[in-house]
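The values are calculated or read from the model by the stated rules, or taken from the named source; none is laboratory data. Given the structure is predicted, the values throughout are model-derived calculations rather than measurements. For neighbour counting, all protein chains shown are included, and Cβ atoms are generated from backbone atoms with ideal geometry for every residue, glycine included. In case anyone asks, the SASA skips ligands and DNA or RNA and just uses the protein heavy atoms, side chains included. Shrake-Rupley method; radii C 1.70, N 1.55, O 1.52, S 1.80 Å.
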Amino acid sequence: MRKEVYITDYNCVTPLGFTADANWKALLEGRSGVALHKIIDNQDAFYASMIDSEKLNEEFNRFFAQNTIDFTRLEKMLLLSLLPLVENHSISDDTAFILSTTKGNISLLKNQSELPEGVYLSKLAQKTADFFGFTTKPIVVSNACVSGVMAIAVAKNMIQAGKYKDAFIIAGDELSEFVISGFNSFQAIGSGPCKPYDKNRDGINIGEAAAAVYVTSCHSDEGRISQNEKFRFKFLGDSAVNDANHISGPSRTGDGLYASIRNAMTEANVSSKQIDFISAHGTATLYNDEMEAIAFNRMELQNVPLNSMKGYYGHCLGASGLLESIISMESALHNTLLPSKNFEDMGVTQPLNIITENKPAAVRYILKTASGFGGCNAAVVLEKC
Amino acid sequence: MDAMQLLCWKNVKMSVMKKTHTCTIEHSKITVDGNLIFESPGETFQEFAKEAYKSLDLSYPKFHKMDQLSKLAFLSAETILKDEDHSRTAIVFANRSSSLDTDFKYQESINDQDNFYPSPAVFVYTLPNICVGEISIKHKMQTENAFFVLDEFDENFLNDYSAQILLSGKADKVLCGWVELYQENYKAFVYLLTL
């Protein structure tokens, strides 16, 4: 028997709140973090989902009053998201520490002639790991926008390889001039709040967030999972297949996403009919959303209730997959599916069952997907236990 | 022997997983399976990569549009993958400097408000996994892929991760390795793994 791997705790730090509970309440009320923000001097404001820096500092100082280390804004987000998990679960020499990020502290690069140490992703990971006393070498997953989904798969695979008994996964990316100017140069940023799958969608909103998940293994005789856990989600299957088509454009056929979903569901031994809910990527670019619709239809998943969280949080890059996985688990625990915010009229050529209002539902099997630059895709299947 | 037993056994004896080909690129030299196949007097990586491309007789114009990290990864992959069928070969790469070489260049294009010229052709390479995408496109590899950033090359970690991909049946081979580049400091050590 392969070791079973469970998610038993999580937390997130977003513009909608600094705990998973606060986020869930805000989402139920339909609130969004997306608003106009001036991010690049001398340029128009962009719609983006941004954490209020003053509130972030207040919250950080409240929880880390004794701290004397100089932390960046992103590091503060990461520490705040991880703190409750570290308080609830002990760290051992068999505990993995996994960071998912695309750009880390990229803002430190501005006007520098040499690389500051803090821009190395491994340094960012080590600084966070050292602060909480992790002893194993940090692992950084940096696979563009699928990083957050992949990070859970990496935890599962390394635990099954017998290398670790449990894992703390953190994911974080922040809004920066670097990222906004880049996506803007691609003309990929939406003119208003993003509208995934809608016929009037015209691009993404960038967002920022940090998210943290605790993953543990369990042999029936081992009892590592305490009966006091609030919940358990079993990690059933994963896959991350490349489109092999284009480095910045999604595949027209959805090949990579289709294969990722197929592989993950095969490993999970779960059929399309059994999937209760899809937390999709849905960036609100013309081509991405269309590609997803094609892939879901090829897997005969078009009738499964589906949403994109981008209308609430924007696209949080390396954090998005982990954050959206957390919200999908919250949905399952509260037996409530959330609408795909800002969706009005069908704007993809293939049918999809897009959720349009808060809806009670029993959710056992969750499919979470993501796609990104470099032709990467990822899918995971989770089961509420 | 089921997958888990095999895996436990593997942990005792990693040599169960076969390393069939290796390629090392550093100090303007390309070494394949222990044999030096190319050496260039070129001083910069850019010149070296151009000479290597010619020497390997690659006919792939997209190569010249790639950033330096992708060129490094691409060259190392070419020497191993050749023209064989790799529709079941996964890619698992890692490095230390992520895409910082291109990040730095991109940042220079947006440092000055009066000379602000972000380019999508540069920005797209500000992700380390783009080099995996380039190799996947060249060899039509619609396969599992992953990119890790680690403080130093950790072959055990990469092999353990690759073993999981092989044992789960998601691939038959894994092109695995270290592709590190920042300005003129570079090293690729790439190899092909099978069970």
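Any idea what the relative contact order of chain A is, in percent, if you count C-alpha pairs under 8 Å spaced at least 6 apart? If you can, show how the numbers build up before the last one.
Details: 971 pairs, mean separation 89.0, N = 385.
Relative contact order here is 23 percent.
How much length, in nm to one decimal, is gained on full extension between A:THR266 and A:GLU229, taken as 0.36 nm per residue of separation minus their Cα-Cα distance? The partial results should precede the final answer.
Working: separation 37, 0.36 × 37 = 13.32 nm, distance 2.84 nm.
Between A:THR266 and A:GLU229, full extension yields an extra 10.5 nm.
Give me Rg/Rg_expected for the stretch A:263-310, where Rg uses Cα atoms only and Rg_expected = 2.2 N^0.38 Å with N residues. Please list the in-between numbers first.
Values: Rg = 11.1 Å, N = 48, 2.2 N^0.38 = 9.6 Å.
Rounded to two decimals, the normalised Rg is 1.16.
Rounded to whole Å and ordered largest first, report the semi-axes of the equivalent ellipsoid of the protein assembly as shown derived from its Cα gyration tensor (root of 5λ).
On the way: eigenvalues 219, 158, 118 Å².
For the protein assembly as shown, the ellipsoid semi-axes come out as 33, 28, 24 Å.
Where does the stretch A:74-224 land on Rg/Rh, using Cα atoms and the Kirkwood Rh? Intermediate results must be reported in sequence, preceding the final value.
Details: Rg = 17.6 Å, Rh = 16.9 Å.
Value, to two decimals: 1.04.
Once label points are set 7 Å from the Cα along Cα→Cβ at both A:GLU344 and A:LYS359, what is their separation, rounded to one decimal in nm?
It is 2.0 nm.
Would you work out the charge dipole size for the stretch A:166-320 about its Cα centre, treating the Cβ of every Lys and Arg as +1 and the Cβ of every Asp and Glu as -1, and quote it to the nearest 20 debye?
Using only the charged Cβ atoms, the result is roughly 400 debye.
Per-residue ellipticity at 222 nm for chain A, helices alone: DSSP H runs ≥ 4 residues times -39500 (n - 2.57), over residue total, nearest 500 deg cm²/dmol? Kindly include the intermediate steps, with their values, before the conclusion.
Values: 10 runs with 116 residues, N = 385.
Theoretical 222 nm ellipticity from helices: -9500 deg cm²/dmol.
Short version: ³J(HN,Hα) in whole Hz for each residue of the stretch B:145-161, in order, from phi by Karplus 6.51 cos²θ - 1.76 cosθ + 1.60 (θ = phi - 60°), x for Gly and Pro, what are they?
9, 8, 10, 10, 10, 10, 5, 8, 4, 10, 4, 4, 4, 4, 5, 4, 5
Rounded to the nearest percent, how much of the accessible area of chain A (1.4 Å probe, protein heavy atoms only) is carbon and sulfur?
That fraction is 45 percent.
Output wanted: per-residue J couplings in Hz (rounded whole) for the stretch A:26-34, from phi through Karplus 6.51 cos²θ - 1.76 cosθ + 1.60, θ = phi - 60°, x for Gly and Pro.
Here the 3J(HN,Hα) series is 5, 5, 4, 7, x, 6, 10, x, 7 Hz.
Return the loop-located GluC sites (Glu not before Pro) in the stretch B:64-121 (DSSP other than H, G, I, E, B) with at most 15 other Cβ atoms within 10 Å of their own Cβ; answer none if there are none. Walk me through the intermediate numbers first.
Details: sites: B:GLU78, B:GLU84, B:GLU108; in loops: B:GLU84.
Sparse-neighbourhood loop GluC sites (Glu not before Pro): B:GLU84.
Which whole-angstrom value gives the distance between the alpha carbon centres of the stretch A:165-224 and the stretch A:253-271?
Between the Cα centre of the stretch A:165-224 and that of the stretch A:253-271, the gap is 21 Å.
Enter the per residue convex hull volume of the stretch A:257-385, computed from alpha-carbon coordinates, in Å³ rounded to the nearest integer. Show your work: numbers first, answer last.
Values: hull volume 12.6 nm³, N = 129.
That works out to 98 Å³ per residue.
With no solvent and one point per C-alpha, what does the Debye sum give as log10 I(q)/I(0) for the stretch B:13-134 at q = 0.21 Å⁻¹?
Per q value, in the given order, log10 I(q)/I(0) is -1.32.
Roughly how big is the protein assembly as shown's charge dipole about its Cα centre, with Cβ charges of +1 (Lys, Arg) and -1 (Asp, Glu), in debye to the nearest 20? Walk me through the intermediate numbers first.
Numbers: 53 positive and 71 negative charges, 287 e Å.
That gives a dipole near 1380 debye.
Taking the Cα-to-Cβ direction at B:THR20 and at A:THR68 and moving 7 Å from each Cα, how far apart do the two end points lie in nm?
Going from the B:THR20 label point to the A:THR68 one covers 5.8 nm.
In degrees between 0 and 90, to the nearest 10, how far off the longest principal axis of chain B does helix B:68-81 point, with axes built from Cα atoms?
In chain B, helix B:68-81 runs at an angle near 40 degrees to the longest axis.
Estimate for me the total accessible surface buried between chains B and A (protein heavy atoms, probe 1.4 Å, no ligands or nucleic acids), in Å² to the nearest 100.
Values: alone 10500 and 15810 Å², together 21330 Å².
That pair hides around 5000 Å² of surface in total.
Can you compute the FRET efficiency between A:ASN335 and B:GLU39 using 1/(1 + (r/R0)^6), with r the Cβ-Cβ distance and R0 = 60 Å? Round to the nearest 0.05.
0.35
Using modelled amide H (1.01 Å from N, peptide plane; none on Pro or chain starts), what sits under 5 Å from the amide H of A:THR336, excluding residues fewer than 5 places away?
Under 5 Å from the amide H of A:THR336: A:ALA361.
Please report, in whole Å³, the volume per residue of the convex hull around the C-alpha atoms of the stretch A:129-196.
Numbers: hull volume 9.4 nm³, N = 68.
Here the figure is 138 Å³ per residue.
So, in Å, what gap is there between the alpha-carbon centers of the stretch A:316-341 and the stretch A:122-141?
26 Å
What fraction of the Cα pairs in the stretch B:31-103, stated in percent, has a spacing above 22 angstrom? Working shown, then result.
On the way: 728 of 2628 pairs.
Value for the stretch B:31-103 (Cα pairs over 22 Å): 28 percent.
Positive end of the charge dipole of the stretch A:1-106 (Lys, Arg +1 and Asp, Glu -1 on Cβ, about the Cα centre): tell me which of A:PHE64, A:TRP24, A:VAL34 has its Cα farthest that way.
Highest projection toward the positive end goes to A:VAL34.
Going through the stretch A:73-122, which GluC sites (Glu not before Pro) have at most 10 other Cβ atoms within 10 Å and a DSSP loop state?
Values: sites: A:GLU75, A:GLU87, A:GLU114, A:GLU117; in loops: A:GLU114.
Of the GluC sites (Glu not before Pro), the ones in loops of the stretch A:73-122 whose Cβ has at most 10 other Cβ atoms within 10 Å are A:GLU114.
Below 8 Å, C-alpha to C-alpha, sequence gap of six or more: please give me the relative contact order for chain B in percent.
Numbers: 334 pairs, mean separation 59.8, N = 195.
In percent, rounded to a whole number, it is 31.
Using only DSSP helix segments of four residues or longer, with each worth -39500 (n - 2.57), what per-residue ellipticity at 222 nm results for chain B after dividing by its residue count and rounding to 500? Walk me through the numbers on the way to the answer.
Values: 7 runs with 70 residues, N = 195.
My calculation for chain B gives -10500 deg cm²/dmol from helical runs alone.
Could you sort out which of B:LYS19/B:LYS50; A:LYS163/B:LYS71; A:LYS123/B:LYS18; A:LYS76/B:LYS105; A:LYS38/A:LYS199; A:LYS156/A:LYS234 sit more than 21 Å apart by Cα distance in this structure? Don't jump to the answer; show the numbers that get you there.
Details: B:LYS19/B:LYS50 28 Å; A:LYS163/B:LYS71 33 Å; A:LYS123/B:LYS18 33 Å; A:LYS76/B:LYS105 27 Å; A:LYS38/A:LYS199 27 Å; A:LYS156/A:LYS234 10 Å.
As for pairs spanning more than 21 Å Cα to Cα, those are B:LYS19/B:LYS50; A:LYS163/B:LYS71; A:LYS123/B:LYS18; A:LYS76/B:LYS105; A:LYS38/A:LYS199.
What whole-number volume per residue, in cubic angstrom, does the convex hull of the C-alpha atoms of the stretch A:1-145 give? It would help to have the intermediate numbers written out before the result.
Details: hull volume 25.0 nm³, N = 145.
For the stretch A:1-145, the hull spanned by Cα atoms encloses 172 Å³ per residue.
Counting only C-alpha contacts under 8 Å and six or more residues apart, can you give the relative contact order of the stretch A:88-137 as a whole percent? List each step's numbers first, then the result.
Working: 42 pairs, mean separation 25.1, N = 50.
This gives 50 percent for the stretch A:88-137.
Cα atoms only, the stretch A:223-333: Rg and Dmax in Å?
Looking at the stretch A:223-333, its Cα Rg and Dmax stand at 15.1, 48 Å.
Check each of the GluC sites (Glu not before Pro) in the stretch A:291-384 and keep only those in coil by DSSP with at most 10 other C-beta atoms within 10 angstrom; list them in order. Please report the intermediate quantities before stating the final value.
Numbers: sites: A:GLU292, A:GLU300, A:GLU324, A:GLU330, A:GLU344, A:GLU357, A:GLU383; in loops: A:GLU300, A:GLU344, A:GLU357.
Answer by residue number: A:GLU357.
What distance in nm lies between label points placed 7 Å from Cα along the C-beta direction at A:LYS110 and A:TYR287?
3.0 nm
Just report the Cα centroid separation between the stretch A:24-81 and the stretch B:83-152, whole Å.
The distance from the Cα centre of the stretch A:24-81 to that of the stretch B:83-152 comes to 28 Å.
How much FRET efficiency would the formula 1/(1 + (r/R0)^6) give for A:ASP52 and A:THR253, where r is the Cβ-Cβ distance and R0 is 30 Å, rounded to 0.05? Intermediate results must be reported in sequence, preceding the final value.
Details: r = 42 Å, r/R0 = 1.39.
E between A:ASP52 and A:THR253, to the nearest 0.05, is 0.10.
Determine ³J(HN,Hα), in whole Hz, for all residues of the stretch A:49-63 in sequence, where each value follows from phi through the Karplus function 6.51 cos²θ - 1.76 cosθ + 1.60 and θ = phi - 60°; x replaces Gly and Pro.
3J(HN,Hα) across the stretch A:49-63, in whole Hz: 9, 10, 7, 5, 5, 5, 4, 4, 5, 4, 4, 4, 5, 5, 8.
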